[in-house]
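Take this structure first; my questions come after.
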Amino acid sequence: MNHHPTPLDLDKDTILELGRHTIDHIATTTAELETAPASHYPPTTHHHELRRPPADEPGDFTTLLETFRQAATHGVNTAGPGYLAYFPAGGLISSALADLLAQAANRFTGVAQTAPALVAIEQGILTWLAQRFGLPPGAAGLITTGASPATLSAVVAARHTHLGDDHRHGTLYVTEHTHHSVAKAARIAGLPTTSIRLVPSDNHLRMDPDAAAHLITTDRAQGRHPFLLAATAGTTSTGTIDPLPQLAALARRENLWYHVDAAYGGGFQLTTRGRTRLTGIEHADSIAFDPHKSLFLPYGTGVLLVRDPRHLHAAHAADADYLQDIDRLGDLPDFGNLGVELTRDYRGLRLWLPLHLHGVRAFEQALDEKLDLATEAHRELRADPRLDVPWDPDLTVIVFRARAGDTASRDLLTAINATGRVYLSSTTLGGRFYLRMCVLSVRTRPHHVRRALDTIREALDDLQLSSSERG
Ligand SMILES: *Cc1c(COP(=O)(O)O)cnc(C)c1O
């Protein structure tokens, strides 16, 4: 028998050597994040070179690692402390290491039988999360790649439960501030565009429960079939929390599936302030939550929690002859029957390792720090007469604009981001342009927020913006 090693299956010494290079690289680049620019768009790009197809002959690992290192420096530094745009998380290295372990172990967790103990680890994280959200015993869920697929499975479960096979007249309720993933999920789930019903928001950008009740009544009278109410616990543009208890009561009264999109806000449930502000979320039939936002995890980790997993199972489970060897293992879930994927990467470890390694209190303290920093940033921005800061933050998103108008606000954003010290994003509210700052990265500490505020004030000085309103 020929026992020549194949070049594809690395031997122990090679794993150690490549691993050392890889871990060196991770340790070095992570330590450099403090001083790395917030964004970097070099004048000459070499995308053509980067698209080069693989050669027949082997390459050199350190050269390939260097190619990756350089490529990763281009664009917005979403891992760095100056990243205050969209939803920063930073990305815990402990979670990245968990991924490396999970991928190297490469066990199959689409069904419980092939890796029961690993499935139990993932299940434990999900039931712990469900309990933190106040869901009743028996609640369960699924770790997805993000809130979008979690929302899709929630909408499919709601549709299956409430509408059966005839979705033509089904309607679901959102506001203009609801994330577009809800409408996208509805479309993928086969619902017509007209199924999306926009409930008016109040002056604080929250869904108006009375307006929702009125719309539902009118829709029913016109032969439509209301089936889902989607509230948001932390909207994408402003981080606003809808009136969750009132909307829960409405959903119950009207026999609708109550979905709460806590993609951004969910992590704050670990804090006292967050729990107070998210009161009412415990009534949800389903919750979408992104650990790659408010649990600081690397991109690619979402969670779907459901009050009654039988609905999720009924909407997604399928069987096939080639799965006939699978024994169902009592209280362990077959994740392949709860969502879109059968084969999946083992995402449980991404949450399990950091939570057990650092302890829950470390997450709570970090999130409390972000709440404090956002409060402080909001107070300072509101004190600047050149800025209009109309809404108090419910969580850690602050929106503001130059009183001098939209063009000035756009110029302000460009000037701030051009410094390379921080990176902010923008949004449009009521037809007006707003700059948007979100304090959420695990690496954004008090001195980074002070630096961001200084950068904003310096840009205002440089642009010589006035304090008078120009609309
Ligand atoms: C980010 C976000 C989503 C989408 O989540 P992905 O993980 O990007 O798919 C949905 N809803 C809200 C409120 C969000 O902030």
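How do 193, 444 rank when sorted from fewest to most other Cβ atoms within 10 Å of their own Cβ? Don't jump to the answer; show the numbers that get you there.
Details: 193 8, 444 25.
Going from sparsest to densest Cβ surroundings: 193, 444.
Listed highest first by mean packing, meaning other Cβ atoms within 10 Å per residue, what order do 382-393, 51-62 come in? Provide the component values of the computation, followed by the final result.
On the way: 382-393: 16.7, 51-62: 7.8.
Those peptides, ordered most packed to least, come out 382-393, 51-62.
Based on DSSP H runs of at least 4 residues, each adding -39500 (n - 2.57), what is the mean residue ellipticity at 222 nm of the chain after dividing by all its residues, to the nearest 500 deg cm²/dmol? Working shown, then result.
On the way: 16 runs with 199 residues, N = 471.
Mean residue ellipticity at 222 nm (helix-derived): -13000 deg cm²/dmol.
Using a Förster distance of 22 Å, how high is the FRET efficiency between residue 21 and residue 49, based on the Cβ-Cβ distance and rounded to 0.05? Don't skip to the answer; put the middle values down first.
Values: r = 22 Å, r/R0 = 0.99.
After rounding, the FRET efficiency stands at 0.50.
Could you name the aspartates and glutamates in cross-link range of residue 370, using Cα to Cα under 13 Å and dropping any fewer than eight places away on the same chain?
Within the straight-line cut-off, residue 370 pairs with 394.
Mind giving me the FRET efficiency for residue 60 and residue 376? R0 is 41 Å, r the Cβ-Cβ distance, nearest 0.05 is fine.
Working: r = 49 Å, r/R0 = 1.19.
The formula returns an efficiency of 0.25 here.
With a ≥ b ≥ c taken as the square roots of the eigenvalues of the C-alpha gyration tensor of region 253-397, please select rounded if a/c is under 1.5 and otherwise prolate if a/b is larger than b/c or oblate if it is not? Provide the component values of the computation, followed by the final result.
On the way: a/c = 2.82, a/b = 1.96, b/c = 1.44.
Because a/c hits 1.5 or more and a/b exceeds b/c, region 253-397 counts as prolate.
Loop only per DSSP, at most 16 neighbouring Cβ atoms within 10 Å: give me the GluC sites (Glu not before Pro) in region 33-71, ordered by residue number.
Numbers: sites: 34, 49, 66; in loops: 34.
Taking region 33-71 and a limit of 16 other Cβ atoms within 10 Å, the loop GluC sites (Glu not before Pro) found are 34.
Given the convex hull over the Cα atoms of region 189-334, what projected area results after averaging over all orientations, in nm²? Each step should come with its number before you reach the end.
On the way: hull surface 47.6 nm².
Quarter of the Cα hull surface area: 11.9 nm².
Using C-alpha positions alone, give me the convex hull volume of region 1-150 per residue in cubic angstrom.
Spread over its residues, the Cα hull of region 1-150 gives 203 Å³ apiece.
Residue 188 versus residue 427, label points 7 Å from Cα toward the beta carbon: distance in nm?
Modelled inter-label distance: 2.2 nm.
Using Cα-Cα distances under 8 Å and only pairs 6 or more residues apart, what relative contact order does region 231-374 have, in percent?
Working: 172 pairs, mean separation 26.8, N = 144.
RCO, region 231-374: 19 percent.
Using a Förster distance of 22 Å, how high is the FRET efficiency between residue 249 and residue 132, based on the Cβ-Cβ distance and rounded to 0.05? Each step should come with its number before you reach the end.
Working: r = 22 Å, r/R0 = 1.02.
It comes out at approximately 0.50.
Peptides 400-412, 195-207: what's the order by average Cβ count within 10 Å, highest mean first? Walk me through the numbers on the way to the answer.
Values: 400-412: 20.1, 195-207: 18.5.
Highest mean packing first, the order is 400-412, 195-207.
Would you grab the residues whose amide H sits under 5 Å from the one on residue 338? Only those 5+ places off in sequence or on another chain, please, with H modelled 1.01 Å from N.
Amide H to amide H, under 5 Å and 5 or more residues apart or across chains, residue 338 pairs with nothing.
Laboratory data are not the source of any read-out in this text; all were calculated from the coordinates shown. Predicted model, so just to flag it, every value in this text is computed and none were measured. Cβ coordinates were reconstructed from backbone atoms using ideal geometry, including for glycine residues, and neighbour counts include every protein chain displayed.
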